[in-house]
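Just below is one structure, and these are the notes that go with it.
The values are calculated or read from the model by the stated rules, or taken from the named source; none is laboratory data. Since the model is a prediction, treat every value here as computed from it, not as a measurement. In this analysis, Cβ positions are derived from the backbone assuming ideal geometry, glycine residues included, and neighbour counts consider all displayed protein chains. When the accessible area is computed, the model is the full protein with side chains, heavy atoms only, and any ligands, DNA or RNA have been set aside. Shrake-Rupley method; radii C 1.70, N 1.55, O 1.52, S 1.80 Å.
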Amino acid sequence: MNYFFRLSALSLCLLTGQLQAQNINISVETRSNALVLQADAKKNLNTLYLGKKLASAAEYEQITGQYKQSSEYTGVLSAAYTPSGSRNLLEPAISVSHADGNNSLDLRYVSHELKKLSDDVSLLSILLKDPVYDFQVTLFYKSYYKDDVIEQWSVIKHKEKGNVTLQKFASANLYLKAGGFYLTQYHGDWAKEMQPEESKITHGIKTLDTKLGTRANLFQPSVFMISLDKPATEDEGTVLYGALEYSGNFRTDLELDYLNNLKIISGINNYASAYTLKPNEAFTTPAFLYTLSSTGKGDASRNMHNWARNYKILDGKGQRLTLLNNWEATYFDFNESKLFDLLKDTKKLGVDLFLLDDGWFANKYPRNGDVAGLGDWEENKTKLPNGVASLVKEAKNNEVKFGIWIEPEMVNPKSNLYEKHPDWVIKQPKREEYYFRNQLVLDLSNPKVQDFVFGVVNDLFTKDPELAYIKWDCNAVIYNAYSATLGNQNHFYIEYMRGLYKVLERIRTKYPTVPMMLCSGGGGRVDYAALQYFTEFWPSDNTDPMERIFMQWEYSYFYPAITSSNHVTDWGKQPIKFRTDVAMMGKLGFDIVVSHLKENDLKYCQDAIKTYNVIKPLIWQGDQYRLANPKEGSVASMLYVNSGKTAAVMFNYLVNNRYDEGSKLPIKLKGLDASKKYAVKELNLYPGTSSAVDGTKVYSGDFLMKIGFNPVVNSGRTSVVLQIEELK
Ligand code: GLA
């Protein structure tokens, strides 16, 4: 990050408002981009520029003169954080009711401060104050130079004579100029997560939001893309990726204003959440995350991946465990001896861990289906007479690790927990209960419930310290939002999330590294706040590999492959090779009955796991290139290249079953070294088949990137995995 001022040498650390009647430019610079804010003579803080960095910082000043858009009536149209109730005429970032009942707010620049946190990371804070009320907002900009990523949030405070109500309290307020804007947004439902839609943004406001409370992404995640001027492609065009780092209700307003500029205002959803702020209390918003690329979507996603692995995801540079899960193999129908057999299968298959799913707990109302027992986290005595401990021990005998499923935020009305603590459950006291998957959500705004949820995890580890993995599920949304103990119901949704993060923080303080999968009745919850506590997420219950090719493609824009738990199951009609290959493009797992596999299918899986153990560092830490888009042709192709450009792996699939479809043309590789020589070898061959690829030929990186390589995908070769290795 780099600051510059039109005035000469001034301290760059702390400036207070001595610069009367001068424009003050404050710039956040990353490797390719600059965000330039300007406090004008009257100390309005506006966005002067957000885009590709200029060679000469002095020229930012000349940008405004080149725009001949119509009149700016308000002086705050491009505000860095738009207040409401004074001059503003459009969507505000913040809206308040002061202690005296007045609804107006004005925010003027007071000072700013820069801290360099490392060679790569800087933190800028800018203090804004209302000239009339003792009310202030500090804007934070944490910038990651190498990855062109910025996280923005705000801290709101006041010293008025009574409480202030925050009606809206955004994290960030961006202002973009371009000849048109194209939004890529996502929608979904169970088993249909991450469905993309692209549209040109028209005048007015487009709001992306959720009001579900928990598993907030079920219908709409907060991730989105904005292409400037024209829709960006993989390698061309200017595109901004945005996301709120928050697991609860979010709201992003995209407003194309009358000047044809785009305001992006993102934060916690203020729906049913007017927040009463006491004097001197600091309200800290979650971070809004964005990266801007002028070289298309590919670079934007690789920047996001690097940033996520280096700075955000728990253990982003670490190891992950391959596993066998029993959910689809047994559902609720298992006992100790069945599980002992599955532990043997885990070893036979060659994965690292056995994951015991739902159904292992509850006695008064046994968890033999999804209608009862949730909340009663003691082992079911009929199914597991010797407890989890004997399973952990047996796993050890089989030289595999053991992990377990929990859904600690939830309760079935038919449970001991519900009977004992009805006041811990989210429901309206005077209304009929309404269920999502026969269950209700526990009130995490209540500290006693926080202790309980922490206790679920803590007890498991206390009893079985060798437990190696947790799958944390969250199936229900919040209906009838109401807390029996919270004084101000308007704080409910926010306090729920605070409670959840407090619990996760406690878990991570005590158990910093144990891998945890973030699951949500499929893929209803992933975001970068949650991924600080989780090593991976479950993209969807839909594991049909044909569907997964599309879904994982969309997730891959925002989340690196190391976070994507992909399991081989019996969903879909594809052969085992196709299913396994697709699951390998992330964190590999299995959820099949190993004993039902035909001999060659089992052999295929065993060999593929061995291969995966060799190539997984490439998939988890490599640069990911989307080569052929399944939505645009008959073949999908994805490439992962290591940082030294010495090795890569390319996954190719037939996604169209019509006559004679296949890879007619070579597929151009990316990210290799043009001057290096490579050999291309086929991996994951099904037993008894031979490759259509001649592994003895030598290709230059130049050739592979300019002409490409044909993986020979056709109806007889629907899934082809290629290894590209440098020849020295
Ligand atoms: C959710 C998850 C599944 C499984 C079941 C268990 O639906 O997404 O993977 O764990 O719950 O009830």
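Scanning segment 364-380 for residues that are closer than 18 Å to Arg437 by Cβ, open to solvent by less than 10 Å² (accessible area, probe 1.4 Å) and out of contact with any Ser or Thr (no Cβ under 7 Å at 6 or more places or on another chain) gives a single hit, Arg367. If you go through segment 473-524 and keep only what is assigned to a loop (DSSP other than H, G, I, E, B) and closer than 24 Å to Phe354 by Cβ, you end up with Asp473, Cys474, Asn475, Tyr511, Pro512, Thr513, Val514, Pro515, Cys519, Gly521, Gly522. Under the condition of being at negative phi and assigned to a loop (DSSP other than H, G, I, E, B), the residues counted in segment 566-585 number 8.
On the stretch given as segment 207-223, residues that are hydroxyl-bearing (Ser, Thr, Tyr) and open to solvent by 30 Å² or more (accessible area, probe 1.4 Å) total 1. Applying the criterion of being without any contact (Cβ under 8 Å) to a residue 60 or more places away in the chain and in contact with a Ser or Thr (Cβ under 8 Å, 6 or more places away or on another chain) to the residues of segment 343-358, the residue that is farthest from Asn475 (Cα to Cα) is Asp352. Restricting attention to segment 527-537 and to residues that are part of a loop (DSSP other than H, G, I, E, B) and closer than 23 Å to Trp327 by Cα, the residue that is farthest from the ligand (Cβ to nearest atom) turns out to be Thr535.
The set of residues from segment 266-296 being at positive phi and not small (Gly, Ala, Ser) comprises just one member, Asn280. Across segment 39-58, the number of residues qualifying as surrounded by fewer than 16 Cβ atoms within 10 Å (Cβ to Cβ), of a type in the set (Gly, Ala, Ser) and within 34 Å of the chain's Cα centre (by Cα) comes to 1. Restricted to segment 314-348, and to residues there that are of a type in the set (Phe, Trp, Tyr) and within 16 Å of the ligand (Cβ to nearest atom), the residue that is farthest from the chain's Cα centre (by Cα) is Phe334. Taking the conditions (1) within 21 Å of Gln621 (Cα to Cα); (2) open to solvent by 20 Å² or more (accessible area, probe 1.4 Å); (3) of a type outside the set (Val, Ile, Thr); (4) more than 32 Å from the chain's Cα centre (by Cα) in turn, Ser715 satisfies each one other than (1). Mind checking which residues of segment 442-478 are out of contact with any helix residue (DSSP H, G or I) (no Cβ under 6 Å at 6 or more places or on another chain) and under 22 Å from Leu212 (Cα atoms)? Within segment 442-478, Asn446, Pro447, Lys471, Trp472, Asp473, Cys474, Asn475, Ala476, Val477, Ile478 meet the criteria.
Scanning segment 86-110 for residues that are without any contact (Cβ under 8 Å) to a residue 12 or more places away in the chain and buried (at least 22 other Cβ atoms within 10 Å of the Cβ) yields nothing. Every condition in (1) within 16 Å of the ligand (Cβ to nearest atom); (2) part of a loop (DSSP other than H, G, I, E, B) is met by Trp405 except one, and the failing one is (2).
Looking across segment 452-476 at every residue that is under 15 Å from Val411 (Cβ atoms) and more than 16 Å from the ligand (Cβ to nearest atom), the one that is least open to solvent (accessible area, probe 1.4 Å) is identified as Val453. Phe537 meets the conditions (1) open to solvent by less than 10 Å² (accessible area, probe 1.4 Å); (2) more than 24 Å from Ala476 (Cβ to Cβ) in every case but one. The failed one is (2).
To keep it simple, each residue is scored yes or no on (1) surrounded by fewer than 24 Cβ atoms within 10 Å (Cβ to Cβ); (2) away from the ligand (no atom under 16 Å from the Cβ).
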| site | (1), (2) |
| --- | --- |
| Arg525 | no, no |
| Asn542 | yes, no |
| Trp553 | yes, yes |
| Phe558 | no, yes |
| Ile562 | no, yes |
| Asp570 | yes, no |
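Is there a residue being open to solvent by less than 40 Å² (accessible area, probe 1.4 Å), out of contact with any strand residue (DSSP E or B) (no Cβ under 7 Å at 6 or more places or on another chain), in contact (Cβ under 8 Å) with a residue 40 or more places away in the chain and within 16 Å of the ligand (Cβ to nearest atom) anywhere in segment 500-521? For segment 500-521, residues open to solvent by less than 40 Å² (accessible area, probe 1.4 Å), out of contact with any strand residue (DSSP E or B) (no Cβ under 7 Å at 6 or more places or on another chain), in contact (Cβ under 8 Å) with a residue 40 or more places away in the chain and within 16 Å of the ligand (Cβ to nearest atom): present. Scanning segment 190-206 for residues that are open to solvent by 60 Å² or more (accessible area, probe 1.4 Å) and not basic (Lys, Arg) returns Trp190, Gln195, Glu197, Glu198, Thr202, His203, Ile205. A search for C-beta distances below 7 Å between a residue of segment 581-602 that is within 21 Å of Val614 (Cα to Cα) and open to solvent by less than 10 Å² (accessible area, probe 1.4 Å) and any residue that is among the hydrophobic types (A, V, I, L, M, F, W, C) and part of a loop (DSSP other than H, G, I, E, B), counting only pairs 6+ apart in sequence or on different chains, returns Phe590/Val351.
Would you mind stating whether Asn416 is more than 17 Å from Asp357 (Cα to Cα), over 27 Å from the mean Cα position of the chain (by Cα) and modelled with pLDDT of 95 or more? Here the answer is yes, as Asn416 does meet what is asked.
Only one of the numbered conditions (1) touching a residue at least 60 places away in the same chain (Cβ under 8 Å); (2) open to solvent by 20 Å² or more (accessible area, probe 1.4 Å); (3) in contact with a strand residue (DSSP E or B) (Cβ under 8 Å, 6 or more places away or on another chain) is violated by Tyr479, and that is (1).
Within segment 701-711, can you find the residues that are in contact (Cβ under 8 Å) with a residue 40 or more places away in the chain and open to solvent by less than 50 Å² (accessible area, probe 1.4 Å)? Result: Gly701, Gly708, Phe709, Asn710, Pro711. Restricting attention to segment 349-402, the residues that are closer than 23 Å to Gly455 by Cα, within 16 Å of the ligand (Cβ to nearest atom) and of a type in the set (Gly, Ala, Ser) add up to 5. Among the residues of segment 224-246, those identified as outside any strand (DSSP E or B) and not aromatic (Phe, Trp, Tyr) are Asp229, Lys230, Pro231, Ala232, Thr233, Glu234, Asp235, Glu236, Glu245. Return yes when Leu417 is within 16 Å of the ligand (Cβ to nearest atom) and under 27 Å from Tyr501 (Cβ atoms) and no when it is not. Against the criterion (within 16 Å of the ligand (Cβ to nearest atom) and under 27 Å from Tyr501 (Cβ atoms)), Leu417 does not qualify.
A single member of Asn438, Asn412 is within 16 Å of the ligand (Cβ to nearest atom), free of Cβ contacts under 8 Å to residues at least 60 places away in the same chain and not β-branched (Val, Ile, Thr), and it is Asn412.
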